[in-house]
Amino acid sequence: MFRAALSWLVLAPAIAGAGTLIGKLDLPPPPERPAVATRGFLDRSENPLAPVKPYSVTPELVVVLEGGETAMAAPQITWELVGESFARPVIAVPAGSEVVIKDTTKVARTLAAQEDKQLIPAGPINPGGTRSFRVTDAGRTYTIGDRDAPHLIGRVVVVASTLIGYPDETGRFEIADVPPGSYKLRVWYRDHWVARSDDTVTISAKGKTDFNPKLPADAFGPAKK
Amino acid sequence: MFLSKIWLFLVALGAAVALTIALVMPRPAQRTLVTEEQRRLAVACSVIDILLADDARNRVELAGTFGRAPEVVGALENASAAEHLDESRMKQVRDVGETIMKGISGRKPDFAMLIDRRGRVVARVRLDQDDFGDVVAGRPLIDDALAGFLRDDLWAQNGTMYFVAAAPVIRRDPPVAYVGAVVLGHKVTNDLAKKLVGSLNVDTGFYLGNDDVAGSQAVAFDHGVLGDAVGKLQGGDVARDCQANQPFDLAAGKDEYTAVVARLPGEAQAHRAFFSVFIKKPEARGFMGTLHAVRQGDLSTSSFPWFLVADRPLRGLAADAVRLAKGEQERLREDSHGGKFGSIARSVNIHIDKVGREAKSARTNLDQLLGPAPEGSLGTIDLLSSPLPPRPGSVPPVSVPPPSDFRFGGEPAPPPPPPVAARSTPPQWPAQPPVTPPRGSRTPPPQPVAQAPLRLDDDILGGEVSGPIDPYFKQVYDQFISVKRSCNEPVVGLTYQKFAEKLVRNRDDLMAKTGCREVRFTVYVKDGKAALKATPVRDEA
């Protein structure tokens, strides 16, 4: 799938004696499809032949392991613009990383972060071109979009970890090269951390560790303040 | 001597007052005229809004029909399974799309996009038709279509505005599955603008920010003024812009216009898409202009004092007629109207009485004339269920006005309902029957219709019409279809042609039997089903 085009260029070599965390998110029923962002003259209408597809939440989920003691170099992350959207609408980025946005479409885009207009260098990104920026503060989030294309929205959440996993359509995820130790597993959905209780996971020195986090029923609701 | 001075003073005073009145009177009249023009602009703006929504409904139906073509389903299903799209596949699918496009009667789309379930463009027809393979998923219209929704949108591309509609493409053989989507686009053109205002006696223009896109008349307006007016329309529902916006003055060269603006919805809103409705300002006549406009009849003794009672009898009759139309009274009040107006009222009352008598006498035998309705077509034909035929101008017994009420040409459109209501009613989309019943606990889907040849069936903006279409029969047909759908009745095989033929036969039978001048058909709901009532109308002469 094109949306799986998010790629990492990890500068540090694989860690010896590291384990892998695999798991499957236990997801609550998906939320209702959001209201149309750009409504035409009419409301959208369900087709009469087949049930409409449920809203897919997994592209907006990110699994992050925080804690541990082994420091890793911040990677360079390539985030692709594919068609009329980002390859993944939400990405988690280790603090200090350089994010490279690559426009693989046929349309030039002029991107800006709502929270910090200076974050992305000004000017359009031509088809095939790139634009990079660096994020430094863990805990910050950036909403990146194109004023001429309101539907084109991508979110960057800056985290204090390089151990990040993206679930597939079924909720399965895998985080490799995890140094042994005890970690706090956190799940980010769209614009907030999902409040969970069973969030500690211990990774063994070798092999795979299974962990299936359960998300609460209100995980996909609005962010709690 | 003294008295003569007093008289001189009084006469001079009277003359001064008369002169003052004469000089001042044109101004209020002018203000009234301007106010009326502004009101007309607001109404025209709302009507255009409704027409565009109605057109969107037809376009979405067309997209749905396009997406149900078996060739499209097969082509997109195969493409979805392919890891890479190549040129030969593109050409093959493009030919499929082109063939279907040629079969569309009425206003043809300016482009079509056939998209596989991964969101890749398998082929484009007519616009950028050599481009393929790019991913268009992410655009709200396309994401919704890929998820199973039918909807419309407005796109701005290369300085051109397109009304677009999209529908999912679904494999109906088990297992039912989504295999892609189709998008049809209609360019906003000068012809479209002209047709929109054809019967409204105003002009309109479409804009993307400071750029003209299309218009019914080539007028070079100051875009700054237009932009300022649009800028005041912040937030809220764009459908209310026609009511919320105040008309404003606008200049184009030496000509002065009054205009209203309303934002257009959809993606194009990001490019500040809007439309204007404008008319030339009425000339300020002033005192001398008013004198030139005075006719001999205006000064006749029967209408003295002229400025107070010139149109009072006519206004009285008009108000009486409105009460009659609303059903507040059964007849016109003959005694309240003098002269020729009283004569008109009496003639109308005579006609009402005669029609009422005919209706009662015809009740017993009309069922035999019309016969039972064919299964699944016209529904139950129930004649004269009420003692009196509907009065001219009365509201038909249909809860939702059909699209034809807002059609171009022919009779002038009635005062429009608020556009919000028109937009808030989700359309019922026709479709072929599903092979397998829908899963889950969804509400029963709307009843399907047969796969008729592709056309913008209610193409209010289209120019080409295959065969003669009687506007009245078409209106009745639209109402009937609308009511049947609202009653969840099948409309399979109920084409306009069949419907009209049935009406013509029934009309002719009824006219031959009763000697009536014409037959009026009324759609209503009886026992939860759409029914049709025929009413003979006799010629008074």
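The values are calculated or read from the model by the stated rules, or taken from the named source; none is laboratory data. What you are looking at is a predicted structure, and each value in this text was computed from that prediction instead of being measured. Because the Cβ atoms are built from the backbone with ideal geometry, glycine has one as well, and the counts that use them run over all protein chains shown.
Can you tell me how many residues in segment B:489-541 are in a helix (DSSP H, G or I) and touching a residue at least 24 places away in the same chain (Cβ under 8 Å)? Break it down into steps so the answer makes sense when it comes.
In the first step, residues of segment B:489-541 are kept if they are in a helix (DSSP H, G or I); the result is B:496-514.
This time we only want the ones that are touching a residue at least 24 places away in the same chain (Cβ under 8 Å), so: B:496-500, B:502-504, B:506-507, B:509-511, B:513-514.
Residues that pass the stated criteria total 15.
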message: Looking at the structure I just gave you, is B:ALA53 surrounded by fewer than 24 Cβ atoms within 10 Å (Cβ to Cβ), touching a residue at least 60 places away in the same chain (Cβ under 8 Å), more than 14 Å from every other protein chain (Cβ to nearest Cβ) and not acidic (Asp, Glu)?
response: no
- request: For segment B:104-111, state whether one or more residues are free of Cβ contacts under 8 Å to residues at least 40 places away in the same chain and outside any helix (DSSP H, G or I).
  value: yes
field: Single residue of B:VAL96, B:VAL122, B:VAL72 found to be more than 30 Å from A:VAL57 (Cβ to Cβ), more than 12 Å from every other protein chain (Cβ to nearest Cβ) and touching a strand residue (DSSP E or B) at 6+ places or on another chain (Cβ under 7 Å)
entry: B:VAL72
task: Return yes or no: is A:THR110 polar (S, T, N, Q) and more than 14 Å from every other protein chain (Cβ to nearest Cβ)?
output: no
- prompt: Can you spot a residue in segment B:251-265 that is at pLDDT below 75 and of a type in the set (Lys, Arg)?
  reply: no
query: For segment B:56-68, which residues satisfy the criterion of being in a helix (DSSP H, G or I) and facing chain A (nearest Cβ under 10 Å)?
result: B:ALA56, B:ARG57, B:ARG59, B:VAL60, B:GLY64, B:GLY67
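Any residue at all in segment A:143-150 that is surrounded by fewer than 18 Cβ atoms within 10 Å (Cβ to Cβ), at pLDDT 95 or above and of a type outside the set (A, V, I, L, M)?
yes
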- prompt: Is it true that A:GLU174 is farther than 30 Å from B:ARG272 by Cβ, at pLDDT 90 or above and not in a loop (DSSP other than H, G, I, E, B)?
  reply: yes
query: Can you pull out the residues in segment B:527-541 that are among the hydrophobic types (A, V, I, L, M, F, W, C), modelled with pLDDT of 80 or more and surrounded by fewer than 22 Cβ atoms within 10 Å (Cβ to Cβ)?
result: none
message: within 30 Å of B:ALA53 (Cα to Cα), surrounded by fewer than 22 Cβ atoms within 10 Å (Cβ to Cβ), within 14 Å of chain B (Cβ to nearest Cβ) and of a type in the set (Lys, Arg): is that true of A:ARG33 in this structure?
response: yes
- request: Look at A:PRO167 and say whether it is surrounded by 14 or more Cβ atoms within 10 Å (Cβ to Cβ), within 14 Å of chain B (Cβ to nearest Cβ) and either within 11 Å of the chain's Cα centre (by Cα) or not aliphatic (A, V, I, L, M) (or both).
  value: no
query: Taking strands (runs of 3 or more DSSP E) that fall entirely within segment B:132-214, which contain at least 1 residues that are away from every other protein chain (no Cβ under 11 Å) and without any contact (Cβ under 8 Å) to a residue 60 or more places away in the chain?
result: B:160-171
- prompt: Could you list, in sequence order, the residues of segment B:41-50 that are under 8 Å from the mean Cα position of the chain (by Cα) and at the interface with another protein chain (Cβ under 10 Å from one of its Cβ atoms)?
  reply: B:ILE50
message: Any residue at all in segment B:221-230 that's part of a strand (DSSP E or B), of a type outside the set (Phe, Trp, Tyr), farther than 20 Å from A:THR38 by Cα and assigned by TED's automatic domain parsing to the domain that holds B:ASN158?
response: no
- request: For B:GLU83, state whether it is acidic (Asp, Glu), in contact with a strand residue (DSSP E or B) (Cβ under 6 Å, 6 or more places away or on another chain) and within 14 Å of another protein chain (Cβ to nearest Cβ).
  value: no
field: Residue count for segment B:239-270, restricted to those that are among the small types (Gly, Ala, Ser), touching a residue at least 12 places away in the same chain (Cβ under 8 Å) and not in a strand (DSSP E or B)
entry: 5
query: Taking the condition among the polar types (S, T, N, Q), crowded, with 17+ Cβ neighbours inside 10 Å and within 19 Å of the chain's Cα centre (by Cα), does A:THR58 pass?
result: yes
